[in-house]
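Below: the structure, in structure tokens.
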Ligand code: PLP
């Protein structure tokens, strides 16, 4: 049996039509398959490879940690310096009061931890989430996913969850003294890059503060320079009570985190003690990689070039078949008239060595979320392939 047949037989499948590229090497913005074909990666592992694949500093940090230790103890018992140093670096670059970092293995686990913390802190049960939101696939994260098609088969889910219209007054009106938390993506990703009004985000923050509701912002895709600032919420001049991180956080290794004030987070130490437990969360190799990736992002000031690259993409992605381009930094949804048109262009682009895909809740939109290191020449070449096949 060849590799593809083994993949289809033994690696559990959830997609009826997986891309099934046999990637043997990744470097910078490029992926290479077993036949030696090179692909420009326009999706970066879905907003993961912000500093490019296998940045040398990230690889060196991983190798150094491999020589020191791997897993030694469950989360939070030992002083593991990669965790300590990465948490400190994050805290230094986050506004007050976001200074206490709980590391998890994935984005969805960060979502789960944050919802638990909100219930524990407020003593309330109601969770408000938004239509077309995506926060992960575990039961709790699925309960707040804003799409009935994906939720329905897995009921019963978490009780007391309400889905509201993103960026709407109706949503603000629903927040009251019974609400434990509002959980929102700073910019909705899988809906096809939907950016809220600045005034709405500020009103959301205000209403949460007035009612003692915790505001949880999911920056699992938006974080780490993707929007042109280190954090997406900086564009809106708000600070969440709990920030969710993942994807690019681990520099290519699995890592998630929820970040809150020390006062809030300390409530996990009491009634019950060990309020949130993980064996592998904050794995030392993941933290070493994540810290190195964040240092690269800051040192190379990758966020500062995002606006110009976004502008270039927008200038180049012009074609009668392109109905709209919605973007927020190096994060864009190129809209076509239908999924069929989009899929045809995606398939042709992949054939020509440009990797892209579509969005979960916007299947007519082509996804662009490349490594932030992508350069002008690479952008021009990739856009030419897309528009040539429109
Ligand atoms: N939140 C957002 C906005 C995401 O895009 C994702 C994953 O795509 C998640 C949460 C869940 O992260 P993970 O797949 O690491 O569990």
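The values are calculated or read from the model by the stated rules, or taken from the named source; none is laboratory data. Since this is a predicted model, take the numbers as computed values, not measurements. Neighbour counts are summed over all protein chains in view; Cβ atoms, including those assigned to glycine, are modelled from backbone coordinates with ideal geometry.
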Of all residues in the range 211-221 being touching a strand residue (DSSP E or B) at 6+ places or on another chain (Cβ under 7 Å) and within 16 Å of residue 44 (Cβ to Cβ), which is farthest from the ligand (Cβ to nearest atom)?
-> 219
Of (1) closer than 30 Å to residue 54 by Cα; (2) surrounded by fewer than 24 Cβ atoms within 10 Å (Cβ to Cβ); (3) free of Cβ contacts under 8 Å to residues at least 60 places away in the same chain, residue 270 satisfies all except one. Which?
-> (1)
Does residue 77 satisfy the condition of being within 15 Å of residue 295 (Cα to Cα), more than 16 Å from the ligand (Cβ to nearest atom), modelled with pLDDT of 95 or more and exposed (fewer than 13 other Cβ atoms within 10 Å of the Cβ)?
-> no
Filter pass, residue 83 being more than 16 Å from the ligand (Cβ to nearest atom), crowded, with 21+ Cβ neighbours inside 10 Å and assigned by TED's automatic domain parsing to the domain that holds residue 135 | yes
Which listed residue, of 90, 142, is within 20 Å of residue 258 (Cα to Cα), surrounded by 14 or more Cβ atoms within 10 Å (Cβ to Cβ), in the same structural domain as residue 259 (by TED's automatic domain parsing) and without any contact (Cβ under 8 Å) to a residue 40 or more places away in the chain = 142
When you look at residue 186, is it within 22 Å of residue 43 (Cα to Cα) and surrounded by 21 or more Cβ atoms within 10 Å (Cβ to Cβ), yes or no?
-> yes
The number of residues in the range 119-141 that are within 16 Å of the ligand (Cβ to nearest atom) and in a helix (DSSP H, G or I) is 3
Which residues, counting only those in the range 107-117, are surrounded by fewer than 23 Cβ atoms within 10 Å (Cβ to Cβ) and within 9 Å of the ligand (Cβ to nearest atom)?
-> 108
Within the range 94-106, is even one residue surrounded by fewer than 18 Cβ atoms within 10 Å (Cβ to Cβ), touching a residue at least 24 places away in the same chain (Cβ under 8 Å), within 16 Å of the ligand (Cβ to nearest atom) and under 26 Å from residue 221 (Cβ atoms)?
-> no
